[in-house]
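In what follows, a structure is listed as structure tokens, so that the remarks can point back to it.
The values are calculated or read from the model by the stated rules, or taken from the named source; none is laboratory data. Since this is a predicted model, take the numbers as computed values, not measurements. Cβ: placed from backbone, ideal geometry, glycine included. Neighbour counts: every protein chain shown. The area values use the complete protein model at the heavy-atom level, side chains included, leaving out ligands, DNA and RNA. Shrake-Rupley method; radii C 1.70, N 1.55, O 1.52, S 1.80 Å.
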Amino acid sequence: MSVKLIGKHEKDSRACRDALALTLNEMMAEDKSIVYVDCDLMGCINTKQLRNNYPERAFEAGIAEGNAAGVAAGLAATGKKVFFHSFGTFSSRRCYDQIYMSAAYAGLSVRVLGSDAGVTAAFNGGTHMPLEDAAMYLSIPESTVLDPADYAQLKCITRQLANVEGVSFTRFVRKDIIQVYDDESEFPIGKGVVLHESAADKATIITSGIMVDESLKAYETLQAEGINVRVVDMFTWKPLDEELVIKCAKETGAIVTAENHNVTCGLGSVVANCLAKNCPTVQEFVGVQDQFGQVGPQAFLMDTYGLRAANIVEAVKKAIARK
């Protein structure tokens, strides 16, 4: 694994949706078995180019997510490598039964893409705010669940997804994302990325998505206070890198999970399950605390739901005190 951390807390001039669209365009040129299904959101996700370049392999299903999921499963049954996109709420809640029964239960591979993850739905409000999307896919047997942090990570993941079997779900941010990694970085699915570590670490922050940058800010604050912590980007929620989680628990004795998702059923829960079975460890959970979404700017929502570096710092100190 080759990862170069930028970590300047600066917005990328590019949008994550373009990492997806441009990468899929390249992949479809290389592999004629790749097809794309969308639900009236090609304009939002910048995949109209796929429709223009590959009209026989890029399908517009309209605002009918359940039907689109059935179409995706049907295409998979004919041997196609299917990528299926809608907003995170609609690619999870609206079509869950069809994905579960027509794709997963049937042993077919569909790569589901859910944009506007968590609070990044912002002004689209609570109806469009997926705070439970990953939980639904985590519950599907043999699924893969991913939460990339930025342009480079989404691009790398998208390329790998063509060869991932079964149902996968990738939740991501469409635009206005912080650049965390250099574009040449590599991220094997199923392996966590250790961003900071030392022999003196007193706790480990396990995070993903937009919370990676907040966790890096928290790391800097704690370092300034003389508190050493490990930071892990666990962009693959399932299959979890259990070996790394257990190693961090044994070496640091305290875990803090930070996620842009409901804490009752997301990354924190997956990590807690791993620890309970293998290495019971003090754990604190930063994320949305069993609440619905609402309308507002992303900054306001991150403040409101406690998704900030300051919340992570507080959780780290609490976890260390509980050891």
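Accessible-area rank, largest first, for Glu284, Glu314, Glu60, Glu142: Glu142, Glu314, Glu60, Glu284, with all protein chains present and a 1.4 angstrom probe.
Defining a contact as two alpha carbons under 8 Å apart and six or more residues distant in sequence, what relative contact order in percent does segment 102-172 show?
Once normalised by length, the contact order is 48 percent.
Using alpha carbons only, how many angstrom separate the centre of segment 152-225 from the centre of segment 123-151? Measuring centre to centre over Cα atoms gives 15 Å. In this structure, the amide hydrogen of Trp237, modeled 1.01 Å from its nitrogen in the peptide plane, lies closer than 5 angstrom to those of Val145, Leu146, Asp147, counting only residues at least 5 positions away or on a different chain.
Between the amide H of Ile178 and those of Asp12, distances stay under 5 Å, these residues lying 5 or more places away or on another chain, with hydrogens modeled in the peptide plane. Proximity of backbone amide H atoms, modeled 1.01 Å from N, is registered between Val37 and Phe59, Phe83, Phe84, His85 at under 5 Å, excluding neighbours fewer than 5 places apart on the same chain. Would you mind checking the tilt of helix 309-322 against the longest principal axis of the Cα atoms of the chain, expressed as 0 to 90 degrees and rounded to 10? The helix 309-322 is inclined about 50 degrees to the chain. Find how many whole Å separate the alpha carbon centroid of segment 240-268 from the alpha carbon centroid of segment 80-100. Each part reduced to its Cα centre gives a spacing of 27 Å. In the chain, the DSSP-assigned H stretches of four residues or longer account for a calculated mean residue ellipticity at 222 nm of -10500 deg cm²/dmol, using -39500 (n - 2.57) per stretch and the full residue count as denominator. Bridges between two residues of the chain, per DSSP, are antiparallel at a rate of about 15%. Cross-link pairs exceeding 27 Å between alpha carbons, from the set Lys81/Lys277; Lys250/Lys317; Lys4/Lys81; Lys48/Lys217; Lys155/Lys317: Lys81/Lys277; Lys4/Lys81; Lys48/Lys217; Lys155/Lys317. In order along segment 280-286, the phi-based Karplus estimate (6.51 cos²θ - 1.76 cosθ + 1.60, θ = phi - 60°) of 3J(HN,Hα) comes to x, 9, 4, 9, 10, 10, 9 Hz; Gly and Pro are listed as x. So which aspartates and glutamates pass the test for Lys247, namely a Cα distance under 13 Å, with those fewer than 8 places away in the same chain ruled out? Leaving aside aspartates and glutamates fewer than 8 places away in the same chain, those within reach of Lys247 are Glu197, Asp201.
Over all other residues within a Cβ to Cβ distance under 15 Å of Phe292, the charged ones net out to -2, with Lys and Arg as +1 and Asp and Glu as -1.
Treating the angle as unsigned and between 0 and 90°, give the value, to the nearest 10°, between the Cα long axis of helix 151-161 and the longest Cα principal axis of the chain. Approximately 60 degrees, to the nearest 10. Within the assembled protein chains, the solvent-accessible surface assigned to Ser13 is about 120 Å², based on a 1.4 Å probe. Return one number: the angle in degrees, 0 to 90 and rounded to the nearest 10, between the long axis of the Cα atoms of helix 16-30 and the longest principal axis of the Cα atoms of the chain. Relative to the chain, helix 16-30 is tipped by roughly 50 degrees.
In summary, the aspartates and glutamates within cross-link reach of Lys32, defined as a Cα separation below 20 angstrom excluding same-chain residues under 8 places away, comprise Glu56, Glu60, Glu165. Among residues other than Ser2 with Cβ under 15 Å from its Cβ, the summed charge is -1 (Lys and Arg +1, Asp and Glu -1).
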